[in-house]
Structure formats: C-alpha cells, structure tokens
Amino acid sequence: MSIRLIHTADVHLDLCYAHAGMTPVQANNRRQSLRDSLRTVVRRAGEWPADALLIAGDVFEHHRVSRDTIAFLKDAFDRIPDVAVFITPGNHDPYTPDSPYATESWPGNVTIFTQPRWQSKEVSHALLTVHGFAFDGPDISENPFGQLTVPEDSRVHVAVGHGSASTHQPPDKGAYAPFDPAQAAAPGLAYLALGHFHTVTELEGNFPTRMCYSGAPEGHGFRECGPRYFLEIEIDEGRPRVRQQASAHSIYEQHTLDVSTFSNSQAVLEAVRDLPAQGGEAARLLRIVLEGACPPSMQERLSALPDVVGDQFAYLDIVDRTTPQEDYEDLASEATSLGVFIQQMNDAIAAAEEPERRRTLERARHVGLAAYRGEMVPVRGTEGG
Ligand SMILES: [Mn+2]
C-alpha cells in the first residue's frame, strides 16, 4: 500500500504587512488569505486522504501570534483526526518555553518536534515513521542535517526539517541550519520535506533521498510573485512521486509597461485591464512599473490609474518611473545657448541617415540637455533615453 503525504511550510500566519504600504483593510485581507491557503492544504489532507501532513516550519510569523489564529489552527487540525500532523518549528516560530507550541495543548493527531536534534515518531495507522527536529531559537543551537540515521526496518521513513540548502542559498536571505543536500540525504530515507525557501524547489543530485521545498502556500509580497503550491507525495516501494497543487488564494504579479509605446492613457489602462490572471479565481495583487518617455498630457491620467482600475484588483500599486517627454522644437526656439545647442542637434539628427548614428545623436542631445539643467543622467548602456 502506498503512503500518502501532504507537505507545506512557511505560511507565516499573522504576518504584518505594515512595511508593504498596505492599508489596514488590505493587510487584514492578506492575513485572511494566509489562513485560507492553509485551510485549503489541511482540508485536502483530510479529503485525499493523506496519512500525514508535514509542516516544515514557519507556521507563524512570530511568537506573538493571536489567540484567534491559534484557535483557528487547532480547529483546522481537529477536523482531520485521522491524519497525523507533524510540525517542525522554524526560525520564525522556534520551539521555546513561551512559544504557543509549548504553552498550548494541541489536538491528539498533532506532533510538534521539540528538540534541535532528530526525533522520530511512528504513525500508528500506516507503516510510516516521521523524523523531525525543532529550531530552539531564531538560530538553532545545533545543526541536525547530516546527523540522521534511519533504522533498517520494513517501514517507510520520511523526515521534515527547516533550513537552507547551501546549493540554493539566495544571496539576500539569511542561512539557517545550512546543509549540503548530499549530506542531508540518508540511506533508507525516502523523502525529506523542507521549509524555509518560499518557492517550490526540488534538490536534485546523486543521493538516495528525494528532497523538496514545498515553498509557501501563499506569496508574501512582490518578491514572491506568481502561483504558489503545496506538495502531494505518494510513496510506493520506497519511491516517492511528487505533485504540485496550487494553493494561493491571492497572487502577487509585477509587470512593467513602457508607456512610450502607447499614444494615450486609455491604451495603458486597457493594457493593465487585459493582463492575464495567473491563478484562476485567486485574488490579484498587482504592481505595475511604468517606464519610458511620457507626454505631460498622459502623466496626469496615469497617476489616476489606481482609482480607475483599482476595483478589478485586490491591490494595485503603480510605480511611476516614466520620464517627461521633451519638446525639442520648443526648446530649440529658446534664445539661449541651450536653444542653439538643441537646434544644432535637431538638424544633425534630421540629417543622420544611419539609425545607429541617429540614436547616438539623440542620446547626445538628451545628455547635453541634462548637463545644461545640471541633472544626472542614469547610465543605461547604449539604450536611448
Ligand atoms: Mn524560515
């Protein structure tokens, strides 16, 4: 008989969105969305049904999780009494004496690992043993990766852990319980359910254990754009098959539009409205970066974009990086040395036959104008500007 697992991590319940420039209402909606996505994962574990639900850390954003969120979580686990739930506290929600993991009483089907070293528990209704550990503080006092020995028996062995695979360490994220995937693998360990990196990632290599980050079931900001997933794992004869299932109730999207390719603000507005949704029914959180030279007549209307199409999205942020379009004929008519310079450049550009020379002259005119105004010009390679 196959063993069925559901794997999720990094929900970060009760995340604070104050830094994200969201209104209190929008932030509440985001926190609701985090709960909804976890609820989706837990419900699926009950309905499939899974033998075990593995939650690989950072369930909470921090210790100061609300009473209501704890009650929600207990209730969600209570509703799947036949699924064994395993939680490995992570760097955000470590197992400390004052953490909700230690102070609360959890439903009987829930196992919370408590030590910074491997602990094992047999699932009573399946031939399954789950190994796990806990962060005991924001930095774990020991690093359990590479220390797991799996007994030779007839059971399926899986492990759940939180930490940074050194092979996939993003430069802008702290390294917690760092490990080399080849070291974390162990003979007899069929699957290692990982948490900490928020994007679904399989660590591949020449070792006997399959290991995946499920990623967060819900994005947490514009650095986590696109659909998010949880994983369904089926283990037959020691071999796991891993499937991604979409879980996000709201999806962050970031798009860049070059306004110089549009003749009017209506066309920009329609382009925003027509951006294809990435996740069916999921609410959409959009950041639109506007670039390019923009006629002053259009600028005003663009700043009103959130008011005009805001209703279509759960959140819409317009980042205006447009540059005002210059009127070079008007500038050339000025009775100043700038006017003379612009007139000479306009003539040279009009006379230029090769497109490359024309672009170089346009760039020179742009840089020259900026110099007259005492402005800095951003370096953008050979791009015109
Ligand atoms: Mn983490």
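No lab work stands behind these numbers, since they all come straight from the coordinates. Only a predicted model underlies this, so the values are computations on that prediction, with no experimental measurement involved. Cβ atoms come from the backbone with ideal geometry, glycine included; neighbour counts cover every protein chain shown.
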Worksheet, complete the sentence: per DSSP, antiparallel bridges as share of beta bridges in the chain, % nearest 5, sits at 30
Item to complete: Please work out how much length the chain gains when fully extended from residue 104 to residue 291, using 0.36 nm per residue of separation minus the C-alpha to C-alpha distance, in nm with one decimal.
Response: 62.2 nm
Worksheet item: Mean residue ellipticity at 222 nm from the helices of the chain, using -39,500 (n - 2.57) per DSSP H segment of n ≥ 4 over the full residue count, to the nearest 500 deg cm²/dmol?
Response: -8000 deg cm²/dmol
Worksheet, complete the sentence: With R₀ set to 56 angstrom, the calculated FRET efficiency between the beta-carbons of residue 336 and residue 254, to the nearest 0.05, is 0.85
Worksheet item: Normalised by the number of residues in region 250-325, what is the relative contact order in percent for Cα pairs under 8 Å and 6+ residues apart?
Response: 40
Worksheet item: Which whole-Hz ³J(HN,Hα) couplings does region 188-203 yield from phi under the Karplus relation 6.51 cos²θ - 1.76 cosθ + 1.60, θ = phi - 60°, glycine and proline marked x?
Response: x, 8, 6, 8, 10, 8, 10, x, 2, 7, 8, 10, 4, 8, 9, 8
Discussion item. Taking 22 Å as R0, compute the FRET efficiency from the Cβ-Cβ separation of residue 273 and residue 36 and round it to 0.05.
Written reply: 0.30
Worksheet, complete the sentence: Once amide hydrogens are built 1.01 Å from N within the peptide plane, the residues lying 5 or more places from residue 117 or on another chain with amide H under 5 Å from its amide H are 134
Worksheet item: So, in Å, what gap is there between the alpha-carbon centers of region 135-150 and region 59-128?
Response: 17
Practice prompt. Would you pull out the residues with amide H under 5 Å of residue 249's amide H, same chain only if 5 or more places away, H placed 1.01 Å from N?
Written response: 37
Discussion item. Could you check the spin-label model distance between residue 266 and residue 323? Points 7 Å from the Cα along Cα→Cβ, value in nm.
Written reply: 2.9
Worksheet entry | Gain upon complete extension [residue 201, residue 367; 0.36 nm per residue less C-alpha separation] | 55.3 nm
Fill in: Cα-projected label distance for residue 114 with residue 66, points at 7 Å along beta-carbon direction, nm
3.0
Fill in: Highest-first arrangement of 315-324, 146-155, 220-229, where packing means the average Cβ count within 10 Å
220-229, 315-324, 146-155
Worksheet item: Of the listed peptides 41-47, 169-175, what is their order by residue-averaged count of other C-beta atoms within 10 Å, with the highest listed first?
Response: 41-47, 169-175
Fill in: Size-normalised alpha-carbon gyration radius of the chain, reference 2.2 N^0.38 Å
1.30
Item to complete: Please give the length that would be gained between residue 303 and residue 121 if that part of the chain were fully extended, namely 0.36 nm times their separation in residues minus their C-alpha to C-alpha distance (nm, one decimal).
Response: 59.8 nm
Worksheet item: In sequence order, what are the phi-derived ³J(HN,Hα) couplings for region 78-87 according to the Karplus relation 6.51 cos²θ - 1.76 cosθ + 1.60 with θ = phi - 60°, rounded to whole Hz, with x for glycine and proline?
Response: 4, 7, 10, x, 8, 9, 7, 9, 10, 10
Discussion item. Tell me the relative contact order for the chain as a rounded percent, counting alpha carbon contacts under 8 Å between residues six or more apart.
Written reply: 12
Worksheet, complete the sentence: Relative contact order in percent for region 45-102 (Cα pairs under 8 Å, 6+ apart) equals 51
Item to complete: Pop out the ³J(HN,Hα) list for region 63-70 in order, Karplus 6.51 cos²θ - 1.76 cosθ + 1.60 with θ = phi - 60°, rounded to Hz; leave Gly and Pro as x.
Response: 4, 7, 7, 6, 4, 5, 5, 5
Discussion item. Please list, ordered by chain and number, the residues whose modelled amide H lies under 5 Å from the amide H of residue 111; skip anything fewer than 5 residues away on the same chain.
Written reply: 85, 86, 87
